[in-house]
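Undergrad: Quick one: the structure is below, and I'll ask about it shortly.
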Amino acid sequence: MKWAAFIAWVLTAGGGFVLLSIWLARGGMRQQREAGNRIRPPLIMSHFLLAATGLVIWIIYLVDDKSTLAWVAFGILCVVALLGFTMFGIWLRRRQARGATAEAVSPDTPAEQHFPVSIVGLHGLLAATTLVLVLLTAAGVGGS
């Protein structure tokens, strides 16, 4: 199960990297100073850095097989998930508002509104799967 968690985590990270790349390419770092409900750089960068840190700890766990490391990775992953849900909420509210007013994409459109729905959905599904697999592994379900 620990290897399934690793694979799910790497796939989740791949989707996240695609989303981060789109956000950066569409000027996400400049959103710090702009008004409105947007995903701000500290939020998305914290999500990214904590997810990467958790993945590194998980890799160390795979090598050392110390259950403490699995629980630390799970704790970090919980924080990453909370940040991810926060960003998803911002993205979804803005997307729903844009759909209701038929707002066209413009230069003022937040960078995250360029995210493909399919990648957002897949990233979220893989993230939830990763969270469950890491929890089950840390709890000792399925052997080590």
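The values are calculated or read from the model by the stated rules, or taken from the named source; none is laboratory data. Keep in mind the model is a prediction, meaning the values are calculated, not measured. Every residue, glycine as well, gets a Cβ built from its backbone with ideal geometry; the counts of neighbours run over all protein chains shown. Just so you know, the surface numbers come from the protein's heavy atoms only, side chains and all, with ligands and any DNA or RNA stripped out. Shrake-Rupley method; radii C 1.70, N 1.55, O 1.52, S 1.80 Å.
Undergrad: I need a count of the residues in region 122-144 that are over 17 Å from residue 39 (Cβ atoms) and either at pLDDT 95 or above or of a type in the set (D, E, K, R) (or both). Steps first, answer last, please.
TA: Applying the first criterion (over 17 Å from residue 39 (Cβ atoms)) to region 122-144 yields 122, 125-126, 128-144.
In the following step, the residues that additionally are either at pLDDT 95 or above or of a type in the set (D, E, K, R) (or both) were identified as 122, 125-126, 128-139.
Matching residues across region 122-144 total 15.
Undergrad: Now for a separate question. Have a look at 29, 1, 45 and point out the one that is surrounded by 12 or more Cβ atoms within 10 Å (Cβ to Cβ) and touching a Gly at 6+ places or on another chain (Cβ under 8 Å). Reasoning before the result, please.
TA: Values: 29 fails: touching a Gly at 6+ places or on another chain (Cβ under 8 Å); 45 fails: touching a Gly at 6+ places or on another chain (Cβ under 8 Å).
Answer to the selection: 1.
Undergrad: Only one of (1) surrounded by fewer than 14 Cβ atoms within 10 Å (Cβ to Cβ); (2) assigned to a loop (DSSP other than H, G, I, E, B) is not met by residue 39, so which one is it?
TA: Among (1) surrounded by fewer than 14 Cβ atoms within 10 Å (Cβ to Cβ); (2) assigned to a loop (DSSP other than H, G, I, E, B), residue 39 violates only (1).
Undergrad: Looking only at residues in region 92-107 that are surrounded by 10 or more Cβ atoms within 10 Å (Cβ to Cβ) and in a loop (DSSP other than H, G, I, E, B), which one is modelled with the highest pLDDT?
TA: My answer is 105.
Undergrad: Hey, another quick one. Consider residue 50 against the criteria (1) within 21 Å of residue 118 (Cα to Cα); (2) of a type outside the set (Lys, Arg); (3) open to solvent by less than 70 Å² (accessible area, probe 1.4 Å); (4) touching a Leu at 6+ places or on another chain (Cβ under 8 Å): it satisfies all of them except one. Which criterion is unmet?
TA: (1)
Undergrad: Within region 20-37, does at least one residue satisfy the condition of being β-branched (Val, Ile, Thr) and under 18 Å from residue 128 (Cα atoms)?
TA: Of all residues in region 20-37, those β-branched (Val, Ile, Thr) come to 22.
From what's left, under 18 Å from residue 128 (Cα atoms): none.
No, region 20-37 contains no residue that is β-branched (Val, Ile, Thr) and under 18 Å from residue 128 (Cα atoms).
Undergrad: Tally up the residues in region 37-77 that are of a type in the set (Gly, Ala, Ser) and under 18 Å from residue 142 (Cβ atoms), please.
TA: Within region 37-77, the subset of a type in the set (Gly, Ala, Ser) is 46, 51-52, 54, 67, 70, 73, 75.
With under 18 Å from residue 142 (Cβ atoms) added as a condition, the list becomes 67, 70, 73.
Of the residues in region 37-77, 3 are of a type in the set (Gly, Ala, Ser) and under 18 Å from residue 142 (Cβ atoms).
Undergrad: Within the set of pairs 6 or more residues apart or between chains, which connect a residue that is among the charged types (D, E, K, R) inside region 75-95 to a residue that is outside any helix (DSSP H, G or I) with Cβ atoms less than 8 Å apart?
TA: These pairs meet every condition: 93/37; 94/37; 94/38; 94/110.
Undergrad: So the check is Cβ under 6 Å with 6+ separation or different chains; which pairs have a first residue in region 50-68 that's farther than 11 Å from residue 9 by Cβ and touching a residue at least 24 places away in the same chain (Cβ under 8 Å) and a second one that's surrounded by 12 or more Cβ atoms within 10 Å (Cβ to Cβ) and of a type in the set (Val, Ile, Thr)?
TA: Sorted first by the residue in region 50-68, then by its partner, the pairs are 50/76; 50/79; 50/80.
Undergrad: Being in contact (Cβ under 8 Å) with a residue 40 or more places away in the chain and open to solvent by 40 Å² or more (accessible area, probe 1.4 Å): is that true of residue 6 here?
TA: Working: in contact (Cβ under 8 Å) with a residue 40 or more places away in the chain: yes; open to solvent by 40 Å² or more (accessible area, probe 1.4 Å): yes.
Considered against the rule, which asks whether it is in contact (Cβ under 8 Å) with a residue 40 or more places away in the chain and open to solvent by 40 Å² or more (accessible area, probe 1.4 Å), residue 6 comes out as yes.
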